[in-house]
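Taking it in order: structure first as structure tokens, then the write-up.
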Amino acid sequence: MNLPFTEPFKIKMVENIYRSTREQREKWIEAASNNLFNLKSEQVFIDLLTDSGTGAMSDKQWSAMMLGDESYAGASSYYKLNDAIKDITGFEYFLPTHQGRAAENVLFSVLVKEGDIVPGNAHFDTTKGHIEFRKAKAIDCTIDSASDSTSWYSFKGNVDIKKLEEVLKNNPSDKISCIIITITNNSSGGQPVSMANIRETRNLADKYGVKLFLDSARFAENAFFIKTREEGYASKDIREIAREMFSYADGMTMSSKKDAIVNMGGFIGFRDEELFREASTYNIMYEGFITYGGMSGRDMNALAQGLYEGTEYIYLESRINQVAYLGTKMKEFGIPVLEPFGGHAIFIDAKKFLPDIPKEEFPAQMLAIEFYIEGGVRGVEIGGLMADRDPITHENRYPDIEMVRLAIPRRVYTNNHMDYVAVAVKNVFEKRTQIKRGLRIIREAPIMRHFTVQLEKL
Ligand code: F0G
């Protein structure tokens, strides 16, 4: 008999969580204006809002923190991080930032001008926010199969090369700030991008004379999928695959809060010295001096260690298997889940789950609220609320699929927790025909409304 998969770690410290009652949760979510971001964390039993910054650091990371060098300039922690980033990504230059969106802010301050276009596979919401804030246009060249939640395709995060070429052909190259490939593709379900697709995108970038950047928050999970699904990569090491992915790009932005398993941090990697120098000015203005840029020395030490731990095959195998474990349980219960399962989360198809609720009433948000009330499980809406309004027409832009994302923090929950989550979702599924109405917006911000929106049940 094959030995089963296990976590390649044991637990040294625990954090107690509070199991509330249904009545408490009903009151709390109403007081939170039906926005899960407004809940206090102690009102949540299992928190699957995000896998960002919520991972558990290792004993080696904690011990590295004690050796942090807090010098303003030239700290040893900066050089340690510099070595790790060069080793893992191959980029010659880097700037530290306090998180991923800060990396976007600094990089786009150089690259993105009013009237520009930024095509990609599917931009994450903060990326889109930073582009639209600069009065430029973010264009998603997502492959069509990404919007079919059941079609099996190994690399559903891919860029649609034809759609991308149309954009590049029909616009002058000086209007294209850069192409961005998000690995893995969070917005379309944590789906990976193949090496072949990254290579093809590089070829197009060269043909039309534009830059290519990777939004690399989950690059290690992407490398794991390449190793396990793409021909020719089975015997390659995760770090070797990661370096090849980066070799096709002019640079990268990184939210270290995901695959580098730290609670806070980010960076930008550059191949071109001139671009690095231009961005350095913005880094100093927005983030801090270029040898700490928004991170403390101890955080840079933890990140340098985390980059190595996050790219260990044995860790990635247990991580991705845990996500698949949850997905498989739900599938067995008949719940409409996005397949193949993503790297960091399970996505539930809300339109199939709650077919009676029209898109104008935000079915995915309604479903996320039901999961919370049932079991204290907090997920996040990836649907009409998050897709927001068109920046020009101000019309709501409803995405093709309405999803609830249950993102799994790294090294935090056990498979018993996953069993609990699956049953909470199943219980809601059994009552689904009783849920007939959704929600109405009472108040919304001009951009990125989902974080602060206030809603009322209809
Ligand atoms: N890019 C991607 C693909 C992301 O998923 C995120 C964050 C960012 C950039 C921004 O990074 O949070 O460090 O500023 N995603 C989180 C999530 C918030 O829940 O998926 P950040």
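In the set G293, G297, G327, only one residue is small (G, A, S) and under 18 Å from E221 (Cβ atoms); that residue is G327. Just so you know, in region 156-187 the residues that are under 30 Å from E381 (Cβ atoms) and among the small types (G, A, S) include one that is surrounded by the most Cβ atoms within 10 Å (Cβ to Cβ), and it is G157.
Is it true that E200 is open to solvent by 40 Å² or more (accessible area, probe 1.4 Å) and not in a helix (DSSP H, G or I)?
When the stated conditions are applied, E200 does not pass them.
Filtered by the rule that a residue be farther than 11 Å from N121 by Cα and touching a residue at least 60 places away in the same chain (Cβ under 8 Å), region 152-170 gives W152, Y153, S154, F155.
Among the residues of region 385-396, those identified as more than 12 Å from the ligand (Cβ to nearest atom) and out of contact with any Pro (no Cβ under 7 Å at 6 or more places or on another chain) are L385, D388, R389, D390, P391, I392, T393, H394, E395, N396. Regarding region 316-328, can at least one residue be identified that is in a helix (DSSP H, G or I), without any contact (Cβ under 8 Å) to a residue 40 or more places away in the chain and surrounded by fewer than 23 Cβ atoms within 10 Å (Cβ to Cβ)? For region 316-328, residues in a helix (DSSP H, G or I), without any contact (Cβ under 8 Å) to a residue 40 or more places away in the chain and surrounded by fewer than 23 Cβ atoms within 10 Å (Cβ to Cβ): present. Scanning region 271-289 for residues that are surrounded by 14 or more Cβ atoms within 10 Å (Cβ to Cβ) and aliphatic (A, V, I, L, M) gives L275, A279, I284.
Looking only at residues of region 87-114 that are open to solvent by 30 Å² or more (accessible area, probe 1.4 Å), away from the ligand (no atom under 16 Å from the Cβ) and touching a strand residue (DSSP E or B) at 6+ places or on another chain (Cβ under 8 Å), we find that the one that is nearest to I392 (Cα to Cα) is Y93.
Checked against (1) at pLDDT below 95; (2) buried (at least 20 other Cβ atoms within 10 Å of the Cβ); (3) on the phi > 0 side of the Ramachandran plot, G384 passes all but condition (3). Considering only residues in region 264-278 that are touching a helix residue (DSSP H, G or I) at 6+ places or on another chain (Cβ under 8 Å) and either more than 28 Å from P192 (Cβ to Cβ) or not small (G, A, S) (or both), the one that is nearest to the ligand (Cβ to nearest atom) turns out to be M264.
Please determine whether any residue of region 67-76 is modelled with pLDDT of 95 or more, more than 12 Å from the ligand (Cβ to nearest atom), open to solvent by less than 30 Å² (accessible area, probe 1.4 Å) and under 19 Å from S255 (Cβ atoms). No: zero hits. Contact map, region 373-400: first residue part of a strand (DSSP E or B), second residue among the charged types (D, E, K, R) and crowded, with 18+ Cβ neighbours inside 10 Å, Cβ cut-off under 6 Å, separation 6 or more or different chains; pairs are R378/D47; V380/R405; I382/R405. Screening I401, I408, I357, I373 for residues that are open to solvent by less than 30 Å² (accessible area, probe 1.4 Å), under 19 Å from the mean Cα position of the chain (by Cα) and more than 16 Å from the ligand (Cβ to nearest atom) leaves exactly one candidate, I401.
For region 411-458, the set of residues classified as within 17 Å of G383 (Cβ to Cβ), among the basic types (K, R) and surrounded by fewer than 16 Cβ atoms within 10 Å (Cβ to Cβ) consists of R437, R440, K457, listed by residue number. Of the numbered criteria (1) away from the ligand (no atom under 14 Å from the Cβ); (2) buried (at least 24 other Cβ atoms within 10 Å of the Cβ); (3) farther than 30 Å from T281 by Cβ; (4) hydrophobic (A, V, I, L, M, F, W, C), the one L81 fails is (3). From the residues in region 45-62 that are of a type outside the set (S, T, N, Q) and near the ligand (Cβ under 9 Å from one of its atoms), which one is surrounded by the fewest Cβ atoms within 10 Å (Cβ to Cβ)? Only one residue tops the list, namely G53.
The values are calculated or read from the model by the stated rules, or taken from the named source; none is laboratory data. Since we're looking at a predicted model, the values are computed, not measured. Counting neighbours? That spans all protein chains shown, and the Cβs are built from the backbone with ideal geometry, glycine included. Accessible surface areas use protein heavy atoms only, side chains included; no ligands, DNA or RNA. Shrake-Rupley method; radii C 1.70, N 1.55, O 1.52, S 1.80 Å.
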